[in-house]
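Student: This is the structure, below, for whatever I ask next.
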Amino acid sequence: MLFRSFAARRRGLGGATEMGDDELDEASKLKIAANFINYSPPGQIQKVVEDVKVLLGGHVPRSTLDSLMVKVNSTSFLAVDVPGEGRKVLITPFGDLGDGTFLDPMGLQRLTIDHGKQVCTSAEALSGAEAASLDAHEKGQVDAAMTRYAANKLPDAVVTTYCKVVGTATQITCCIGRCDLNLSNYWAGLWRSHWVLEFAEGAKSGKLSGTVRSNVHYFEDGNVQLDDKAVFQRECPAGADVVGSEFVGKVREIEQQFAAKLEEIYSTMSDSVLQR
């Protein structure tokens, strides 16, 4: 879907003047703030928050800004460095532990995030009981296979794989995220996909469902975003000896279809969408 972005152009909101106190009530100001921040272009939420503060004259509570940034950072699959470990992990809704921290499934630890600065400030190991329900052999197989796949198809992407074991059922969720910024040339892009495999103990196959989303922002001589999303579902072999390769095979097939669709959109866009 192509739309005029609510978010700031690099040459836009930064020069805005503050609104007078008598122009809008507090509820209207908060609604404006939420619209701008929720539709932040890829990788530019910090700049948008700065501009919102200027636009609304500092009338947005810090707690409101923080909650909005938590939402955008997690839905955008923000990648943060794990302190002292030389690797990155994605901050996603699937890793939200509900107490303000996010799961690092590889390290089996909870991460505290400074959402304003977009960094991880500390990590704390999970208890044995917590870790036991979040790990399984199949998770390691899927994570390793998908990490190799992403390195080949989407270099510099970050892969984060979660697992939940409830009774005899296992759910493996693999997330991939990559954000590219080239603001000096007026563009930015974000790729997000997540894949959920659910299967019962001893089952030879399970249900694989996935969502792929691509967001591109271009703001030279205009300000537009292309935001495309597709949802998929397949059966997938789930045996421990094949689950990694089969998982990747299904993802590769689906993402090739999605990429072909994007190519078709791009090839016709200049004639059907971007005419002046």
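The values are calculated or read from the model by the stated rules, or taken from the named source; none is laboratory data. In this text the structure is predicted, and so the values were computed from the model without any measurement. Here the Cβ is made from the backbone with ideal geometry for all residues, glycine too, and neighbour counts use every protein chain on show. Ligands, DNA and RNA are excluded from the accessible area calculation, which covers all protein heavy atoms including side chains. Shrake-Rupley method; radii C 1.70, N 1.55, O 1.52, S 1.80 Å.
Student: Would segment 36-140 count as rounded, prolate or oblate if I go by the C-alpha gyration tensor, calling it rounded below 1.5 in a/c and otherwise prolate when a/b exceeds b/c, oblate otherwise?
Tutor: It comes out prolate by the Cα gyration axes.
Student: Moving on to the next point. Compare Leu262, Leu181, Leu55 in a GNM of the chain, Cα atoms joined below 10 Å, and give the one with the largest fluctuation.
Tutor: Comparing Leu262, Leu181, Leu55 in the GNM, the peak value goes to Leu262.
Student: Counting each pair of different Cα atoms once, what's the Kirkwood radius of the chain in Å, rounded to one decimal?
Tutor: Mean inverse Cα-Cα distance, inverted, gives 20.4 Å.
Student: How big is the dipole moment of the chain about its Cα centre under a simple scheme where the beta carbon of each Lys and Arg is +1, that of each Asp and Glu is -1, and everything else is neutral? Debye, nearest 20, please.
Tutor: 440 debye
Student: Mind checking segment 169-260 for trypsin sites (Lys or Arg not before Pro) that DSSP puts in a loop (not H, G, I, E or B) and that have at most 14 other Cβ atoms within 10 Å?
Tutor: Taking segment 169-260 and a limit of 14 other Cβ atoms within 10 Å, the loop trypsin sites (Lys or Arg not before Pro) found are Lys204.
Student: Putting +1 on Lys and Arg Cβ atoms and -1 on Asp and Glu Cβ atoms, find which of Ala129, Leu97, Phe77 reaches farthest to the positive end of the dipole of segment 69-143.
Tutor: About the Cα centre, the residue reaching furthest to the positive side is Phe77.
Student: To continue, here is another question. From the residues Pro155, Thr170, Gly86, which one has its Cα farthest along the dipole of the chain in the positive direction, the dipole being from +1 and -1 charges on Cβ of Lys/Arg and Asp/Glu about the Cα centre?
Tutor: Final value for the positive-end residue is Pro155.
Student: How much accessible area per residue does segment 26-81 have, in Å², with a 1.4 Å probe?
Tutor: 42 Å²
Student: Report, to the nearest 10°, how far helix 243-272 tilts away from the longest principal axis of the Cα atoms in the chain, using its own Cα long axis and a range of 0 to 90°.
Tutor: 30 degrees
Student: May I ask you to evaluate 6.51 cos²θ - 1.76 cosθ + 1.60, the Karplus curve with θ = phi - 60°, for each residue of segment 78-92 and list the ³J(HN,Hα) values in order in whole Hz, giving x for glycine and proline?
Tutor: Values per residue, Gly and Pro as x: 4, 9, 10, 6, 7, x, x, 10, x, 9, 10, 9, 7, 9, 9 Hz.
Student: Let me ask something else. So what is the accessible area of segment 137-276 per residue, in Å², with the probe set to 1.4 Å?
Tutor: In whole numbers, segment 137-276 has 51 Å² accessible per residue.
Student: Just the number, please: carbon plus sulfur as a percent of the accessible area of the chain, 1.4 Å probe, no ligands or DNA/RNA counted.
Tutor: 51 percent
Student: Also: So what's the angle, to the nearest 10 degrees on a 0 to 90 scale, between helix 62-75 and the longest Cα principal axis of the chain?
Tutor: That works out to roughly 50 degrees.
Student: Rounded if a/c is under 1.5, else prolate if a/b beats b/c, else oblate: with a ≥ b ≥ c from the C-alpha gyration tensor eigenvalues square-rooted, which is segment 105-198?
Tutor: oblate
Student: For the chain, what is the calculated [θ] at 222 nm in deg cm²/dmol (nearest 500), taking -39500 (n - 2.57) for each run of four or more DSSP H residues and dividing by its residue count?
Tutor: Calculated from helices alone, the mean residue ellipticity at 222 nm is -10500 deg cm²/dmol.
Student: Kindly identify segment 158-276 as rounded, prolate or oblate by the Cα gyration tensor criterion: order the square roots of the eigenvalues as a ≥ b ≥ c, call it rounded if a/c is under 1.5, otherwise compare a/b with b/c, prolate if a/b is larger, else oblate.
Tutor: Taking the square roots of the gyration eigenvalues as a ≥ b ≥ c, segment 158-276 is prolate.
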